[in-house]
Amino acid sequence: MAVKITYFVHGTTTDNEQHISSGWDDVGLSELGKKQSIDLKDQTKNKKFDIVFCSDLKRAVQSAELTWKGIYTIIPDSRLRECNYGDFNAKPSSIVEPMQEKMISKRFPNGESYEDVKNRIAEFLEFLKTNYDGKSIAIVAHKAPQLALDVLLKGKTWKQAFTEDWRNTHSWQPGWDYKI
């Protein structure tokens, strides 16, 4: 048996539109983000999930609810949060993004590293294996957890995960598939 995961990123936020890296700052969706989340319902109508997990940050919860509220059970989980940029939460992306690849094992000041995120995601995957074997799961979360899945489940190095990230290649899609 296996757990099938389809990973979705939250819709565009007001911070995204202002080129701010939110991290753990609990910002909501912009009007565009709300529309993207509503549109995702139609884009995923042929997919079936047993349950939906999302980050407990507002932007992921709003995205999941706008897409699947009343269709699937939605469970927020703090292990699916974005990387905690610490002192750099809610700072301009022009400052935060160049730092990210340097923070793989080094923590952001008063925050966490990408390895910390990977450890949270590994713990979440163990939880899924134990409790949802044979199930199809949707996850709505952020950049760092998705990169951690690429490292953990697709055998990428952190450098590959950052380089090949869809945000860099401009190759968004309505869900990415993983299997554990």
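Every number here is computed from the coordinates shown, using simple stated rules; none is lab data. Predicted model, so just to flag it, every value in this text is computed and none were measured. Heads up, the Cβs are rebuilt from the backbone with ideal geometry, glycines too, and the neighbour counts pull from every protein chain shown.
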Could you name the lysines whose alpha carbon sits less than 29 Å from that of Lys35, not counting residues in the same chain fewer than 8 places away? Lys4, Lys45, Lys47, Lys48, Lys58, Lys69, Lys91, Lys135, Lys143, Lys179
Taking the alpha-carbon centroid of each part, what is the distance from the stretch 5-35 to the stretch 65-87 in angstrom? 12 Å
At q = 0.15, 0.19 Å⁻¹, what is the log10 ratio I(q)/I(0) for the chain, with the Debye formula run over Cα points and no solvent? -0.84, -1.39
In debye to the nearest 20, the charge dipole size for the chain, taken about the Cα centre with +1 at each Lys and Arg Cβ and -1 at each Asp and Glu Cβ, equals 440 debye
What are the principal axis extents of the Cα atoms in the stretch 89-180, in Å, biggest first? 42, 30, 24
Report, in deg cm²/dmol and to the nearest 500, the calculated mean residue ellipticity at 222 nm for the chain, where each DSSP H run with n ≥ 4 adds -39500 (n - 2.57) and the sum is divided by the residue count. -12500 deg cm²/dmol
For the stretch 4-179, what does the relative contact order come out to in percent, with C-alpha contacts under 8 Å and a separation of six or more? 32 percent
Let me know the charge dipole size of the stretch 1-40 about its Cα centre in debye, to the nearest 20, where only the beta-carbon of Lys, Arg (+1) and Asp, Glu (-1) is charged. 280 debye
Over the stretch 79-180, what relative contact order in percent results from Cα pairs under 8 Å that are six or more residues apart? 29 percent
Please find, in a Gaussian network model of the chain (springs between Cα atoms separated by less than 10 Å), the residue of Ala148, Ala161, Ala64 whose mean-square fluctuation is greatest. Ala161
